[in-house]
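What follows draws every value from the coordinates through simple rules; no lab data is involved. Because the structure is predicted, anything quoted here is derived from the model rather than measured. Here the Cβ positions follow ideal geometry from the backbone for every residue, glycine too, while neighbour counts run over all protein chains shown.
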Amino acid sequence: MPGYSRVAREAGIAGADVFGGRREMNRLADWLAEHQVSHVVMEAAGQYWKLVWDVLAKKGFELMMVNALHVKMVPGRKTDVADATRLAELLEHGLPRGSFVPPRPIRELRDLTRYHKGWSKHTPVKVSASPRSSKMLG
């Protein structure tokens, strides 16, 4: 299973290309396919991983989400390129354990629930003492 580190070495890539936005994610998927990459490993970074995950999943890549705490115990200076290279090397050796990533509809429902919970927490509920409101509330 080719990984970024082997692909980068063979392609003569010294750094990392930058991909952003849905159109660029499709370009990333094409680049990975062109270099015969079949497996992709990533760590969650806020909300940013979701677009990458969704586009690559649709394109048929084998995806793995890893817990950053399990792979950060490597000494040295932390950079995104170093992290990506390290994750790819770990994947090439079958070392990282994947975390569960629920299907997209479940993720969207979770997001909606979190949004509603946060919104309702900060919205005061004002109940009038009128007989009509009391009747409505039961």
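Tabulated results
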quantity	calculated
From phi via Karplus (6.51, -1.76, 1.60), per-residue ³J(HN,Hα) for the range 86-99 in Hz, x at Gly/Pro	5, 4, 5, 5, 4, 5, 4, 9, x, 8, x, 9, x, 8
Coil-residue chymotrypsin sites (Phe, Trp or Tyr not before Pro) of the range 21-54, DSSP, other Cβ within 10 Å capped at 16	Y48
Amide H contacts of L95 (H built 1.01 Å from N, under 5 Å, at least 5 apart or other chain)	none
All Cα pairs of the range 29-108, percent lying beyond 20 Å	33 percent
Amide hydrogen neighbours beyond the local backbone of E43, cut-off 5 Å, H modeled	V66
Long-range amide H partners of L63 with built H, under 5 Å	V40
